[in-house]
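Notes follow the structure.
The values are calculated or read from the model by the stated rules, or taken from the named source; none is laboratory data. A quick note: this is a predicted structure, and the numbers were derived from the prediction, not measured. Ideal geometry is used to build each Cβ from the backbone, glycine not excepted, and the neighbour counts take in all protein chains shown. SASA here: full protein model, heavy atoms, side chains in, ligands and nucleic acids out. Shrake-Rupley method; radii C 1.70, N 1.55, O 1.52, S 1.80 Å.
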Amino acid sequence: MLAAVALGGGAGAAGRYGLTLLWPAAGGGVPWSMVTVNAVGCGLIGVLMAVVGERPGTHRLARPFLGTGVLGGFTTFSAYAGAFEELSGAGRGAAAFSSLLITPLLSLAAVWLGWTVTRGILLRRRRPLPPAAAPGGPAAPAGSRDGAGP
Amino acid sequence: MNWLLVIAGGMAGAPLRYLTDRAVQARHDSPFPWGTLTANVAGSLGLGLLTGAVLAGAASQQLALLLGTGLCGALSTYSTFSYETLRLAQQGARLPAALNVLVSVVAALGAVLLGSALAGALWA
């Protein structure tokens with residue numbers, strides 16, 4: 001269990017480091033690579049937790065390896081807090097507060113979206129739609145995300 | 001070499017967060033995610049100390065990659081924080097969910113500032 005978390009954490013941290021090398025923060029601006037890392041990681045944990053919750057057959061190490069390890073190591077709270085300190089210390093108040101607000105807003109929206117969409121898809125797959133009640137065409141198109149049934 | 005430092009730090013930080021979370025969550029029975037909050041505050045304090053030490057010339061860039069990007073980066077987490085906030089909100093605990101966001105942000109900021117002030121006092 002701990003080994004799975006450690007391996008995942010190393011991979012996640014490397015992914016985050018790689019992204020900041022490819023996309024370095026512009027001096028004095030909002031560190032978009034940090035914002036993106038956190039928002040993407042939050043969207044993916046929403047997907048993962050919906051899969052783990054709706055599919056009991058998921059491998060027992062999926063959550064510690066992918067969730068606690070990879071995504072936990074990929075996303076970071078310290079760099080988020082550190083960015084505020086760095087930017088505000090450099091007199092870049094607007095960028096500091098933008099980063100402070102945008103990161104949690106995007107991340108919380110992403111985890112909600114990832115969880116909701118994935119769970120909707122899994123529930124739809126598990127329970128085929130009942131025959132359309134109303135005549136005159138299908139009640140819900142196949143790609144629709146809502147109307148997943150009771 | 002830099003990659004190895006980040007990976008080694010991450011391989012230590014993530015299990016440290018897992019163990020911190022387990023130890024903290026075993027000590028109370030509220031649904032509030034104190035464990036993740038503790039890991040995030042600890043990671044932020046560590047990062048503040050480290051950036052302060054780098055600024056003062058007391059720590060190298062390599063140490064910053066190992067302990068800052070790797071260890072503190074993986075000890076702290078945004079994904080678990082946001083998922084736990086979502087769970088609280090879904091369970092109807094809207095106030096605790098909002099408080100988790102507010103307390104996490106304020107405490108982590110305070111920890112970074114404290115860490116860098118401490119580093120300044122120690123090494124500057």
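Some notes on this structure:
- nm² value of the averaged projected area, convex hull over the Cα atoms of chain B: 7.6 nm²
- Cα extents of the range A:2-124 along the three principal axes, largest first (Å): 52, 32, 21
- Normalised per residue, the volume of the convex hull around the Cα set of the protein assembly as shown (Å³): 147 Å³
- Pairwise Cα separations in the range B:66-124 fall into 10 Å bins from 0 onward with the following percentages, short to long: 20, 38, 27, 12, 3.
- Buried on complex formation within the range B:61-96 (loss of at least 50 square angstrom of accessible surface versus the isolated chain, 1.4 Å probe, ligands and nucleic acids ignored): B:78, B:79, B:82, B:83, B:86.
- Charge dipole (debye, nearest 20) of the range B:2-123; +1 at Cβ of Lys and Arg, -1 at Cβ of Asp and Glu: 100 debye
- Under the span-like rule (Cα at least 20 Å along the axis, Kyte-Doolittle mean at least 1.6), DSSP H helices of chain B: B:94-123
- With all protein chains in place and a 1.4 Å probe, the accessible surface of the range A:1-120 carries 71 percent carbon and sulfur.
- Taking chain B and dividing mean pair separation by its residue count, relative contact order in percent (alpha carbons under 8 Å, at least six apart): 39 percent
- Taking the chain by itself as reference, the range A:88-119 contains these residues with an accessible-area loss of 50 Å² or more in the full protein complex (1.4 Å probe, heavy atoms): A:108, A:115.
- Label-to-label distance, nm, for residues given as residue A:21 and residue B:34 (7 Å Cα→Cβ offset): 4.1 nm
- Interface between chains B and A: roughly 3200 Å² of accessible area buried, both sides summed (probe 1.4 Å, protein heavy atoms only).
- Sites matching trypsin sites (Lys or Arg not before Pro) across the range B:27-124 that sit in DSSP coil, with at most 14 neighbouring C-beta atoms within 10 Å: B:27
- Once the Cβ-Cβ distance of residue B:56 and residue A:122 is raised to the sixth power relative to R0 = 51 Å, the FRET efficiency obtained is 0.50.
- With a 1.4 Å probe rolled over the protein heavy atoms of all chains, the accessible area of B:28, A:59 falls in the order A:59, B:28, largest first.
- The range B:99-119-the range B:38-74 distance, computed between alpha-carbon centres (Å): 14 Å
- Where the protein assembly as shown is the region considered: accessible area per residue in Å², 1.4 Å probe: 49 Å²
- Accessible surface of residue B:30, taken over heavy atoms with a 1.4 Å probe and every protein chain present, rounds to 50 Å².
- Most positive-pole-ward Cα, A:35, B:62, A:98, against dipole of the protein assembly as shown from beta carbon charges: A:35
- Derived scalar couplings between HN and Hα for the range A:16-26 equal 5, 4, x, 5, 6, 6, 5, 9, x, 5, 5 Hz in order, rounded to whole Hz, by the Karplus curve 6.51 cos²θ - 1.76 cosθ + 1.60 (θ = phi - 60°), x for Gly and Pro.
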